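Take a look at the structure set out below.
The values are calculated or read from the model by the stated rules, or taken from the named source; none is laboratory data. These figures come from a predicted structure and were not determined experimentally. Here Cβ is always computed from backbone atoms with ideal geometry, including for glycine, and neighbour counts include all displayed protein chains.
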Protein chains: 2
Amino acid sequence: MSDLHVYDTTLRDGAQQEGLNLSVADKLAIAAHLDELGVGFIEGGWPGANPKDTEFFARARTELRLRNATLAAFGATRRAGGRAADDPLVRALVDSQAPVVTLVAKSHVRHVESALRTTLEENLEMVRDTVSFLTAEGRRVFLDAEHFFDGYAADRAYALEVVSAAMESGAEVVALCDTNGGMLPGQVADVVADAVAATSARVGIHCHNDTGCAVANSMAAVDAGATHVQGTINGYGERTGNADLLTVVSNLQIKRGLPLLETERLREATRIAHSISEVTNVPPYSRQPYVGASAFAHKAGLHASAIKVDPDLYQHADPGLVGNDMRMLVSDMAGRASIELKGRELGYDLSGDPELLARVLAKVKDLELRGYTFDAADASFDLLLRREVEGTTQAFFDVESWRVITDARGAEDALSEATVKVRAGGQRVVATGEGNGPVNALDHALRQALAPAYPELDKLELIDFRVRILDAAHGTDAVTRVLIETSDGSTSWETIGVAGNIIEASWEALVDGVTYGLVRAGVPVR
Amino acid sequence: MSDLHVYDTTLRDGAQQEGLNLSVADKLAIAAHLDELGVGFIEGGWPGANPKDTEFFARARTELRLRNATLAAFGATRRAGGRAADDPLVRALVDSQAPVVTLVAKSHVRHVESALRTTLEENLEMVRDTVSFLTAEGRRVFLDAEHFFDGYAADRAYALEVVSAAMESGAEVVALCDTNGGMLPGQVADVVADAVAATSARVGIHCHNDTGCAVANSMAAVDAGATHVQGTINGYGERTGNADLLTVVSNLQIKRGLPLLETERLREATRIAHSISEVTNVPPYSRQPYVGASAFAHKAGLHASAIKVDPDLYQHADPGLVGNDMRMLVSDMAGRASIELKGRELGYDLSGDPELLARVLAKVKDLELRGYTFDAADASFDLLLRREVEGTTQAFFDVESWRVITDARGAEDALSEATVKVRAGGQRVVATGEGNGPVNALDHALRQALAPAYPELDKLELIDFRVRILDAAHGTDAVTRVLIETSDGSTSWETIGVAGNIIEASWEALVDGVTYGLVRAGVPVR
């Protein structure tokens, strides 16, 4: 393993993200995931300043069994004019019993004067006093030099003096923070190189993504001599977020050969990033590098034919290294090759049947011209392929008719009620369902009508519903595309419907969703 | 203005994004936004290979009035063993009548051999022949050297030979493409510098974000001598997306002082990025640099008072430069100011009535928490303000009840029928309307019911209808937001409805749309 520090601040700086609010239980769950991933340090919060964070450190001592990571408590240097030993916030850091304390300190002359309202010398004394006190208490001390890059531009000598003061008092690391996030890689490289040369510090880097360069800035700092990298999972953080720690680590490990995490742990990166987004309830970003759902998804027909020959020609890294997968998307850009590949993914070998392949391709192109988009609806594409491959198969059920009524009186909430008439399992069934919307009502009625023949459908659930009006040149005369996601509790699939009538499009996607559920579960036609 | 090319490929490479599917009308709408932003070039698609793109260029000729941008058609070099003049795909590029043709060509030896399955010499000949043919046809030719960086690593001499072949045949630009997106800034800088030194080419750069470095890589290329930058709005694109053009441009213009867009146009960046995401129906990413909703949002706390004293200490750039705003997430100052401003825009002076202002603000905050978004629905905001300013006013009409039925038999198209019961002009009216969807039917029924009292409504038309399902918060049901655009033939306005039931949300927006039509026309309550 490289001796470069991988320092995670998801629980402290990441939690500054707009709309993100973590309970103590959430924080403990995330810390366990981070430890499993293998990061070196987990910054848990600011004990003393935030009661939730005080509780986090208390509970962490008994509830967290960290096997890899060391916990760090975040806090500030002591107040101006006081003594570290008497400062209740500094005491709270000791009381947290975290082995590492990360102190934030001012390193920008204007911030010292206008935000801290003290003298430059007293600010240095606050650094010296607080670092010395905490090291004497047996803590490893890291210093976050806030606004360092802007401070360096304003007064290089003073900014570097803060770094030296911390080191001479016993700090192990001084992390240079681009607090406002406005830096570009060249600037970061120059300043870090100077700090490394001019001081005896182990230099760290802490970046924000306001110029879209947080990852590149972190890499530039490492190239310039930084040996401690801070970041957050999924790039959570205030404004545009912090440096995405998994992207930085993956780049350093896969592109640069620096062994930061054990290979087997890096393979858990995709799963862990998604698990953490389940805890934060922030929807995963599909375009996220390395671990995003789309990160290794290919759509272009142009590429698909060659991907068959040599996948490495078309991906920048092996997705397996971070636990992700290459996926082929079917779309109107698609050629024969991408359909063939998609078929293979679904278990059909279409390579020996060019006629079938051409027929499927023509069908897909026709449907996509009418508004279908199969790259977002794998299950509907699977059903289409199945029908073409197997010829006209017996349907699981026949729909005689359906109807949905939505009404409201005065200011009352609207109610929807659906009636569905189907033939399944040799019987004609009429069922009625209610819902808080027409699609919800139709879903209930359809599954109730099919329940006698297919009790397996009971565990299905409609978990997402998306609507897009296409070619809205004349409002409701336009075509409506509906995407529905159905879950069986352990996995989920997307189906699509397109029609002039939004309810009809929804019905089509519902029927596909239920049908695919039956196919997937291996249920026979009854 | 700098002579650096700002080249947008949202409509071509951006459209490769998973789940993104643009109609010809969408593409025309986005092109108009791009032109308003002031980009130099708009790559519209691949005419000949994709029927939708052929149609786009045909309609662009009559429907788009570009004031700033030049249209570019994308295509490939001719097939191996043929002649450019005889290649139907090359002909389609000429037929598109786009002034610029951007040709994609292989520059990686292994791709030539295993994907193109031709010889290295024939690939060069394909470049020469196609570029020469198109320049002879009067087109400006740009070359996209696909997989250039990987190709350069595999065989530097051949990769550079492709660049030279294109330039010698008359190409104006050779854009070096990091097609797989695996590069880091240092590599990009080295290769671009070498290409600039070793060839006579005007070098361009085309990056993908697979290492999270698309923006930094684009900047590194410009530093190394590239004078043509490709990217997409909102970073749309395959896998992790393309370089976010607005971030690159904002960095170059604001941080580096390169005048790429007129200052007044850059101030439209936030609005245009959001307008384009309304067209693509991809939810805006709140953490997006510069234009994201959170990009200049500060969580109150430590720095709140200091930010008031000197905001520049806490933001990396003036948000006004890109048309964004600093937001304090706890303080309501920003909200108050914008409501006051909005009121003034609508003809109300609220500055003298802080109590009214506070009441409106509280109402807006409550509604926005429930999913309303008034920046997209001016007319609904106008009605809200009017109700608060004028107190409870007499309504134009009272709704007793409404109902809509949608049904289908077998494979027939679904039909919708609505019944609306209202009191207007002293009379109770029951009216029925049919439509190809429930909202269409409700619209017809409502306007028919109101016709006796308000014949002025006859000329109104529902011209756009948009639906978004808002992410359900933990433990609550999803909420549907409907935006409706209504036209009176000369102008149009947007109204909003939010409810658990999609039909109820639509009804709310319909009622606001009709009411605003009456207010706007100065019709008295009857």
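Let's see how each residue does on (1) closer than 24 Å to A:ALA499 by Cα; (2) out of contact with any Lys or Arg (no Cβ under 9 Å at 6 or more places or on another chain):
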| residue | (1), (2) |
| --- | --- |
| B:VAL422 | no, no |
| B:VAL439 | yes, yes |
| B:LEU446 | yes, yes |
| B:ALA451 | no, yes |
| B:VAL467 | yes, no |
| B:ASP488 | no, no |
| B:TRP507 | yes, yes |
Checklist entry - Out of all the residues in segment B:115-146, which are closer than 22 Å to A:ILE307 by Cβ and in contact (Cβ under 8 Å) with a residue 60 or more places away in the chain? => result B:ASP144
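Scan A:LEU321, A:LEU346 and give me the residue that is surrounded by fewer than 20 Cβ atoms within 10 Å (Cβ to Cβ), more than 11 Å from every other protein chain (Cβ to nearest Cβ) and at pLDDT 85 or above. I'd like the intermediate steps shown before the answer.
Values: A:LEU346 fails: at pLDDT 85 or above.
From the options A:LEU321, A:LEU346, the qualifying one is A:LEU321.
Residues are listed down the side, and each one gets a yes or a no for (1) surrounded by fewer than 22 Cβ atoms within 10 Å (Cβ to Cβ); (2) more than 36 Å from the chain's Cα centre (by Cα):
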position: A:ARG79; (1), (2): yes, yes
position: A:VAL94; (1), (2): yes, no
position: A:VAL101; (1), (2): no, no
position: A:VAL131; (1), (2): no, no
position: A:ARG139; (1), (2): no, no
position: A:ALA171; (1), (2): no, no
position: A:ASP178; (1), (2): no, no
position: A:MET183; (1), (2): no, no
Checklist entry - Out of all the residues in segment A:188-206, is one or more of a type outside the set (Lys, Arg), within 11 Å of chain B (Cβ to nearest Cβ), in contact (Cβ under 8 Å) with a residue 12 or more places away in the chain and within 27 Å of A:LEU160 (Cα to Cα)? => result yes
Next on the checklist: Out of the residues in segment B:259-278 meeting the condition of being within 14 Å of another protein chain (Cβ to nearest Cβ) and either surrounded by 18 or more Cβ atoms within 10 Å (Cβ to Cβ) or at pLDDT 95 or above (or both), tell me which one is nearest to B:ASN324 (Cα to Cα).
Outcome noted: B:THR270
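Conditions tested, residue by residue: (1) of a type in the set (A, V, I, L, M, F, W, C); (2) outside the structural domain of A:THR419 (by TED's automatic domain parsing); (3) over 22 Å from B:ASP464 (Cβ atoms); (4) part of a helix (DSSP H, G or I).
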{"residue": "A:VAL429", "(1), (2), (3), (4)": "yes, no, yes, no"}
{"residue": "A:GLY433", "(1), (2), (3), (4)": "no, no, yes, no"}
{"residue": "A:HIS444", "(1), (2), (3), (4)": "no, no, yes, yes"}
{"residue": "A:ALA449", "(1), (2), (3), (4)": "yes, no, yes, yes"}
{"residue": "A:LEU457", "(1), (2), (3), (4)": "yes, no, yes, yes"}
{"residue": "A:LEU483", "(1), (2), (3), (4)": "yes, no, no, no"}
{"residue": "A:GLU494", "(1), (2), (3), (4)": "no, no, yes, no"}
Item to check | Identity of the residue in segment A:412-431, polar (S, T, N, Q) and within 13 Å of chain B (Cβ to nearest Cβ), that ends up surrounded by the most Cβ atoms within 10 Å (Cβ to Cβ) | outcome: A:SER416
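Would you tally the residues in segment A:280-289 being hydroxyl-bearing (Ser, Thr, Tyr) and facing chain B (nearest Cβ under 8 Å)? Break it down stepwise before answering.
First, pick out the residues of segment A:280-289 that are hydroxyl-bearing (Ser, Thr, Tyr): A:280, A:285-286.
With the extra rule that they be facing chain B (nearest Cβ under 8 Å), the set shrinks to A:285-286.
Number satisfying all stated conditions: 2.
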Checklist entry - Do we find a residue being without any contact (Cβ under 8 Å) to a residue 40 or more places away in the chain, surrounded by 24 or more Cβ atoms within 10 Å (Cβ to Cβ), among the small types (Gly, Ala, Ser) and at the interface with another protein chain (Cβ under 7 Å from one of its Cβ atoms) anywhere in segment A:208-216? => result yes
Item to check | Looking only at segment B:65-117, and only at residues there that are out of contact with any Phe, Trp or Tyr (no Cβ under 6 Å at 6 or more places or on another chain), among the small types (Gly, Ala, Ser) and in a helix (DSSP H, G or I), the one that is farthest from the other protein chains (Cβ to nearest Cβ) | outcome: B:ALA92
Next on the checklist: Going through A:TRP507, A:TRP402 one at a time, which residue ends up being aromatic (Phe, Trp, Tyr), surrounded by 18 or more Cβ atoms within 10 Å (Cβ to Cβ), at the interface with another protein chain (Cβ under 7 Å from one of its Cβ atoms) and in contact (Cβ under 8 Å) with a residue 60 or more places away in the chain?
Outcome noted: A:TRP402
Checklist entry - Is there a residue in segment A:446-454 that is closer than 24 Å to A:THR406 by Cα, at pLDDT 90 or above and within 14 Å of another protein chain (Cβ to nearest Cβ)? => result yes
Next on the checklist: Quick check on this structure: which one of A:ALA73, A:ALA115, A:ALA85, A:ALA98 is touching a Lys or Arg at 6+ places or on another chain (Cβ under 9 Å), at pLDDT below 95 and among the aliphatic types (A, V, I, L, M)?
Outcome noted: A:ALA115
Next on the checklist: Tell me yes or no: at least one residue of segment A:89-107 is without any contact (Cβ under 8 Å) to a residue 24 or more places away in the chain and of a type outside the set (Ser, Thr, Tyr).
Outcome noted: no
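It is to be established whether one or more residues within segment A:176-183 are under 27 Å from A:TYR236 (Cβ atoms) and more than 14 Å from chain B (Cβ to nearest Cβ). Give the steps one after another, and end with the answer.
So the first thing to find is which residues in segment A:176-183 are under 27 Å from A:TYR236 (Cβ atoms), and the list is A:176-183.
If we keep only those that are more than 14 Å from chain B (Cβ to nearest Cβ) too, we end up with A:176.
Yes, segment A:176-183 contains at least one residue that is under 27 Å from A:TYR236 (Cβ atoms) and more than 14 Å from chain B (Cβ to nearest Cβ).
Does A:GLU264 satisfy being under 19 Å from A:THR10 (Cα atoms), charged (D, E, K, R) and out of contact with any Pro (no Cβ under 9 Å at 6 or more places or on another chain)?
Numbers: under 19 Å from A:THR10 (Cα atoms): no; charged (D, E, K, R): yes; out of contact with any Pro (no Cβ under 9 Å at 6 or more places or on another chain): yes.
Here the answer is no, as A:GLU264 does not meet what is asked.
Please verify whether A:GLY48 is surrounded by 19 or more Cβ atoms within 10 Å (Cβ to Cβ), over 27 Å from the mean Cα position of the chain (by Cα) and outside any strand (DSSP E or B), treating the condition exactly as stated. Outline the logic, then answer.
Working: surrounded by 19 or more Cβ atoms within 10 Å (Cβ to Cβ): yes; over 27 Å from the mean Cα position of the chain (by Cα): yes; outside any strand (DSSP E or B): yes.
Here the answer is yes, as A:GLY48 does meet what is asked.
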Item to check | Test set (1) part of a helix (DSSP H, G or I); (2) closer than 22 Å to B:LEU415 by Cβ - B:GLY513 fails condition number | outcome: (2)
Next on the checklist: It is to be established whether one or more residues within segment B:179-187 are within 30 Å of B:VAL94 (Cα to Cα) and among the polar types (S, T, N, Q).
Outcome noted: yes
Next on the checklist: Looking only at segment B:496-510, count every residue that is outside any helix (DSSP H, G or I) and out of contact with any helix residue (DSSP H, G or I) (no Cβ under 7 Å at 6 or more places or on another chain) and tell me the total.
Outcome noted: 2
Checklist outcome for this item: Flagged in segment B:384-414 as in a loop (DSSP other than H, G, I, E, B) and of a type outside the set (A, V, I, L, M, F, W, C), in numbering order, are B:GLY391, B:THR392, B:THR393, B:GLN394, B:GLY410, B:GLU412, B:ASP413
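I'm trying to understand the selection: among the residues of segment A:225-255, which are of a type in the set (Gly, Ala, Ser) and within 11 Å of chain B (Cβ to nearest Cβ)? Spell out the reasoning first.
Let us first name the residues in segment A:225-255 that are of a type in the set (Gly, Ala, Ser), namely A:225-226, A:231, A:235, A:237, A:241, A:243, A:250.
Within segment A:225-255, A:GLY231, A:GLY235, A:GLY237, A:GLY241, A:ALA243, A:SER250 meet the criteria.
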